[in-house]
Amino acid sequence: MKFIYKKNLYKFLEVLSVDNNVFYLTEKHEYKKVKKDEASDGLNVDVVRASVPLKSFYFLQREKIGLPEPPAKNRNIIFGVKSCDLKAKKILDNMFLAGVCTDPFYDLHIKNTLIFSSDCPAPQKTCFCTLVDGKPYIEAKQQNFDLNFSPVLNGYIVEPGSSEGEAIILQQKSFFVDTTEQMISERNKLRERALKLLEEINKEFAQLKDTDLQKRAKDNYSSNWWKEASKTCVQCAGCNSICPSCYCFFLLDASVVDSELPDTNFEKLRYWDACHHTGYARVAGGMNPRPKLFERFRNRYQCKFNFRKENFGIYACSGCGRCIDVCPGKIDIRKVMSGL
């Protein structure tokens, strides 16, 4: 582990931006691209996760499907990624990389992306990662990051999680100094403080912690609570779109008129789909296995806490709280699960 002073952080990213597309987390909870010779604009990785999920960089919202193009010359480096997004990435990796075949587009984007994660010292009121087997910081055993930045006084402890991360530290060693026991102690105290803050934020839902949420969802599949909990749902599918682990998509054949060619051409597009949409599971002849709103609402929760746990061994909900923030019906996923 190494240490970098906060005053040198943007310059470090600026140097990396010569050969990479570097995006950093800002105090507005958005990713902003580093531009050479420009001052940092709101760089602050000590806030909660970005509003837009990490998957937007490697599972594109809308993408043309054809023969995969060669990797771009410059890789993407995403700085400020939180533990909840990394946990969700495991679900997508299992879906697109660990099945019978590999999705070449997802694989291409993943190989072209480096992840610089960071601790989450100040969780907000909708965060609940600790209720779903998560923590507000990255642990070395996760091994799905390249560098992790943990805040301490005047700077960050930097821990490599891959050979690429180690190489970057060696290449840019002028930015780093050795860590001290005092730094490690301070980091651990800040992590404990974040855990206690999450405990206070979620004290109303304490019953969910260390509970078998898969069993709770599975055993209550036929409960009338789903109808009650979904009363304010307007089927906007915001929760699906903002979720870091949702991976459903739709394939569309679209016509493209090229002025230089006499005939109409077609291209196949892939874009995000959502199980809240009425026609999501509709099949030929108009049949729909989930015609009612509460059935589609229930399916999302079964997917997060039951189906994905059974298939991949982890919950597909990472406790990021984005769905709570975006919902116009004020539906809180913690309250829904508590009501079962």
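Of the residues in region 133-149, how many are among the basic types (K, R) and in contact (Cβ under 8 Å) with a residue 12 or more places away in the chain? Working first, answer last.
Step one: filter region 133-149 for residues among the basic types (K, R), giving 135, 141.
This time we only want the ones that are in contact (Cβ under 8 Å) with a residue 12 or more places away in the chain, so: 135.
So the answer is 1.
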Qualifying residues in region 198-223 (those that are of a type in the set (A, V, I, L, M, F, W, C) and surrounded by 16 or more Cβ atoms within 10 Å (Cβ to Cβ)) - the one farthest from F128 (Cα to Cα) = A217
Residues in region 126-173 that are of a type in the set (S, T, N, Q), modelled with pLDDT under 95 and within 30 Å of Q214 (Cα to Cα): how many?
-> 3
With (1) within 23 Å of the chain's Cα centre (by Cα); (2) without any contact (Cβ under 8 Å) to a residue 24 or more places away in the chain as the list, and R270 as the residue in question, which single condition is left unmet?
-> (2)
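Can you name the residue in region 175-197 that is of a type in the set (D, E, K, R) and free of Cβ contacts under 8 Å to residues at least 60 places away in the same chain and is also surrounded by the most Cβ atoms within 10 Å (Cβ to Cβ) among such residues? Working first, answer last.
In the first step, residues of region 175-197 are kept if they are of a type in the set (D, E, K, R); the result is 178, 181, 186-187, 189, 191-193, 196.
Next cut, free of Cβ contacts under 8 Å to residues at least 60 places away in the same chain only: 181, 186, 189, 192, 196.
Working: E181: 7, E186: 16, K189: 11, E192: 10, K196: 10.
If we take residues in region 175-197 being of a type in the set (D, E, K, R) and free of Cβ contacts under 8 Å to residues at least 60 places away in the same chain, then E186 is surrounded by the most Cβ atoms within 10 Å (Cβ to Cβ).
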Scanning region 200-234 for residues that are aliphatic (A, V, I, L, M), closer than 20 Å to P123 by Cα and out of contact with any Leu (no Cβ under 7 Å at 6 or more places or on another chain), which turns out modelled with the lowest pLDDT?
-> A206
So, first residue touching a residue at least 24 places away in the same chain (Cβ under 8 Å) and over 13 Å from I65 (Cα atoms) in region 99-112, second residue of a type in the set (A, V, I, L, M) and in a loop (DSSP other than H, G, I, E, B), Cβ within less than 9 Å, six or more apart or across chains; the pairs are H109/L60; N112/A72
Which ones in region 315-329 are more than 14 Å from F297 (Cα to Cα) and either assigned by TED's automatic domain parsing to the domain that holds S83 or assigned to a loop (DSSP other than H, G, I, E, B) (or both)?
-> Y315, A316, C317, S318, G319, C320, G321, P328
Just give me the residues in region 143-185 being assigned to a helix (DSSP H, G or I), of a type in the set (D, E, K, R) and closer than 19 Å to L16 by Cβ, in sequence order.
-> E164, E166, K173
From the list V81, V15, V48, which one is out of contact with any Gly (no Cβ under 9 Å at 6 or more places or on another chain), over 18 Å from N144 (Cβ atoms) and among the β-branched types (V, I, T)?
-> V15
What about V81, is it within 10 Å of the chain's Cα centre (by Cα) and of a type outside the set (G, A, S)?
-> yes
Among (1) at pLDDT 95 or above; (2) out of contact with any Leu (no Cβ under 6 Å at 6 or more places or on another chain); (3) of a type outside the set (A, V, I, L, M) - the single one T278 does not satisfy | (1)
Give region 224-238 a look and list any residue that's part of a loop (DSSP other than H, G, I, E, B) and surrounded by 14 or more Cβ atoms within 10 Å (Cβ to Cβ), or say none.
-> S230, C233, Q235, C236, A237
Would region 103-123 turn up any residue that is touching a Ser or Thr at 6+ places or on another chain (Cβ under 8 Å) and among the hydroxyl-bearing types (S, T, Y)?
-> yes
When region 31-60 is examined, which residues are found to be basic (K, R) and exposed (fewer than 14 other Cβ atoms within 10 Å of the Cβ)?
-> K33, K35, K36
Out of (1) free of Cβ contacts under 8 Å to residues at least 24 places away in the same chain; (2) on the phi < 0 side of the Ramachandran plot; (3) buried (at least 16 other Cβ atoms within 10 Å of the Cβ), the one K28 does not meet is (3)
Being within 16 Å of the chain's Cα centre (by Cα), farther than 18 Å from A316 by Cα, charged (D, E, K, R) and in the same structural domain as Y10 (by TED's automatic domain parsing) narrows it down to one of D93, D119, so name that one.
-> D119
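The values are calculated or read from the model by the stated rules, or taken from the named source; none is laboratory data. This one's a predicted model, so the numbers in the text were calculated from it and none came from an experiment. Cβ: placed from backbone, ideal geometry, glycine included. Neighbour counts: every protein chain shown.
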